[in-house]
Amino acid sequence: MDLRESTSDRAFRDEVRSFIAKNLPKDLKDKSDAGLRLTVEDGQRWHKVLASHGWGAPGWSREHGGCGWDHSRQYIWEEEMAMAGCPPLSPFAVKMVGPVIQAFGTPEQKARFLPPAVSGEHLWCQGYSEPNAGSDLAALRTMAVKTGDKYVVNGMKIWNSYGHKADWMFALVRTSTEGKTQEGITVLLIDMKTKGISHRPIITIDGSHILNEVRFDDVEVPLDNRIGEENKGWTYAKYLLGNERALIAQIAQSTKLVKRLKEVGAKELSEGQGIIDDGDFRSKLAAIEVELDALRVTNQRVLFESRTGSAGNGGAILKSKGTFISQALSELMLEAVGYYASPWVLEQFDAGWNQPPIGPGYAKNAMPLYARQRANTIEGGSEEIQKNVIAKQVLGL
Ligand SMILES: Cc1cc2nc3c(=O)[nH]c(=O)nc-3n(C[C@H](O)[C@H](O)[C@H](O)COP(=O)(O)OP(=O)(O)OC[C@H]3O[C@@H](n4cnc5c(N)ncnc54)[C@H](O)[C@@H]3O)c2cc1C
């Protein structure tokens, strides 16, 4: 496998860059440059622009409405999007449930669910975790009882991202209590407007409302919405988790953060010096940049080797290392921004004070970014669980 960017990859990078420059709506670009919060709706709007150009699902085959790009082009696309400050795209449809429907869905399910995933029309959410089933996911207890041509679902999901906005949920439910816990799980696609679904917000330490508790009270789901075989959902769930973990590695976003750290580090905060002139800061940043380069290569290797449409257990390596890097970068950003990360910068109360010298986008985002990146250790499976997967499944210990 040759990891160098080919001439055609470089031409492709130019094509992506000029497409973004021409097509990213100005108000979204301005919002991003000013460090304002980009919403899930902003991401959906941008997804629709990409889809109208045929770029709605880069990693999917053309047969399913995707771009059919190889792993290098997919990465170039992600990196250019992050560097240009494009709104992040919701991963649930294109990166998570879409590949599962392609691999295990019926022709009817593919015809029904794949086109609105590519176009950005359907927003999806993930119904895996429950109050007593996180790391031990197979302990989940939300029951689905088959009655005629439907399942009746009762139970509760927790830590559900965007359930309050999503059109659809891919959910793990229990359809059997016989045998091993993994053997009684089924995947259902649930319309979030169905009677009996309710949710309560969970506000996180960065102040966001992304997470929810979702309840199911006698929710009727047609049998046609079951993925694959009943009680075989654990296989499909693991297929999806490999891809989820790979995307939490956030390599393109970390690449952008390194660039921002160099920019902010060069600004003069005190005594005519930027923090980049501080040898200790510079060596910490350089060490992380080296780790990021290594992760980029590992990412290419995992994607190259996964011919099945899932990053599989390689996703655990990417998530573990990517989390370490993105958290370390968020800590360095706090160090670089220093006092200006505080929500109570005293100068804001002085007449005529406008902005901190390092630029408002950097300053106001440093603390929320730091707080948000803490969650990377937990979401998609905690760090300890990734280490267990790497030890058992990758290293065979
Ligand atoms: C920001 C965010 C978004 C999320 N979004 C979603 C979502 O959209 N949908 C969804 O279904 N879930 C979502 N989750 C939930 C996430 O998947 C779970 O939080 C995660 O799997 C951990 O489960 P838990 O919280 O129940 O912790 P627990 O499983 O209770 O773990 C508690 C601690 O014990 C440790 N531990 C547990 N078992 C072991 C073991 N065998 N060996 C060593 N250590 C162990 C864990 O590492 C952890 O430190 C999200 C979580 C976060 C933080």
Discussion item. Step by step: first the residues of the range 2-16, then only those that are farther than 19 Å from GLY56 by Cβ and either outside any loop (DSSP other than H, G, I, E, B) or touching an Asp or Glu at 6+ places or on another chain (Cβ under 9 Å) (or both), then the one that is least open to solvent (accessible area, probe 1.4 Å). Which residue is that?
Written reply: ASP9
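Yes or no, residue by residue, for (1) part of a loop (DSSP other than H, G, I, E, B); (2) surrounded by fewer than 20 Cβ atoms within 10 Å (Cβ to Cβ):
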{"position": "ASN154", "(1), (2)": "no, yes"}
{"position": "ALA166", "(1), (2)": "yes, no"}
{"position": "LEU172", "(1), (2)": "no, no"}
{"position": "GLU178", "(1), (2)": "yes, yes"}
{"position": "LEU189", "(1), (2)": "no, no"}
{"position": "LYS195", "(1), (2)": "yes, yes"}
Worksheet item: Mind checking which residues of the range 184-238 are more than 18 Å from GLY148 (Cα to Cα) and among the polar types (S, T, N, Q)?
Response: SER198, THR204, SER208, ASN212, THR235
Worksheet entry | Pairs, first not assigned by TED's automatic domain parsing to the domain that holds GLY134 in the range 382-397, second open to solvent by less than 40 Å² (accessible area, probe 1.4 Å) and of a type in the set (Lys, Arg), C-beta under 6 Å, six or more apart | GLN386/LYS319
Discussion item. Please pick out the residue among GLY179, GLY207 that is on the phi > 0 side of the Ramachandran plot and in contact with a helix residue (DSSP H, G or I) (Cβ under 8 Å, 6 or more places away or on another chain).
Written reply: GLY207
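Here's the yes/no breakdown for (1) of a type in the set (A, V, I, L, M); (2) within 18 Å of ILE210 (Cβ to Cβ); (3) part of a helix (DSSP H, G or I):
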site: SER18; (1), (2), (3): no, no, yes
site: LYS22; (1), (2), (3): no, no, yes
site: ASP27; (1), (2), (3): no, no, yes
site: SER32; (1), (2), (3): no, no, yes
site: GLY35; (1), (2), (3): no, no, no
site: LEU38; (1), (2), (3): yes, yes, no
site: ASP42; (1), (2), (3): no, yes, yes
Practice prompt. Name the one entry in ALA286, ALA294 that is loosely packed, with under 14 Cβ neighbours inside 10 Å, over 21 Å from the mean Cα position of the chain (by Cα) and away from the ligand (no atom under 16 Å from the Cβ).
Written response: ALA286
Worksheet item: Condition test on LYS256, is it of a type in the set (D, E, K, R), open to solvent by 30 Å² or more (accessible area, probe 1.4 Å) and under 28 Å from the mean Cα position of the chain (by Cα)?
Response: yes
Worksheet item: Does GLU263 qualify as being part of a helix (DSSP H, G or I), open to solvent by 60 Å² or more (accessible area, probe 1.4 Å) and at pLDDT below 90?
Response: yes
Item to complete: Could you please give the count of residues in the range 66-108 that are open to solvent by 20 Å² or more (accessible area, probe 1.4 Å), within 18 Å of TRP124 (Cα to Cα) and part of a loop (DSSP other than H, G, I, E, B)?
Response: 3
Worksheet item: With respect to GLY134, is the statement that it is within 16 Å of the ligand (Cβ to nearest atom) and surrounded by fewer than 22 Cβ atoms within 10 Å (Cβ to Cβ) true?
Response: yes
Worksheet item: Under the condition of being touching a residue at least 40 places away in the same chain (Cβ under 8 Å) and of a type in the set (S, T, N, Q), which residue from the range 116-131 is farthest from the ligand (Cβ to nearest atom)?
Response: SER119
Fill in: Residue within the range 361-375 that is farther than 19 Å from LEU261 by Cβ and within 16 Å of the ligand (Cβ to nearest atom) present
yes
Discussion item. Among the numbered criteria (1) away from the ligand (no atom under 15 Å from the Cβ); (2) in contact with a Ser or Thr (Cβ under 8 Å, 6 or more places away or on another chain), which one does SER198 miss?
Written reply: (2)
Worksheet item: What are the residues in the range 200-218 that are of a type in the set (D, E, K, R) and not in a strand (DSSP E or B), if any?
Response: ASP206
Fill in: Residues (open to solvent by 60 Å² or more (accessible area, probe 1.4 Å) and touching a helix residue (DSSP H, G or I) at 6+ places or on another chain (Cβ under 9 Å)) located in the range 211-228
ASP224, ARG226
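The values are calculated or read from the model by the stated rules, or taken from the named source; none is laboratory data. From a predicted model like this one, the values you see are computed outputs, not experimental measurements. Cβ atoms come from the backbone with ideal geometry, glycine included; neighbour counts cover every protein chain shown. Calculation scope for accessible area: heavy atoms of the full protein, side chains included, ligands and nucleic acids excluded. Shrake-Rupley method; radii C 1.70, N 1.55, O 1.52, S 1.80 Å.
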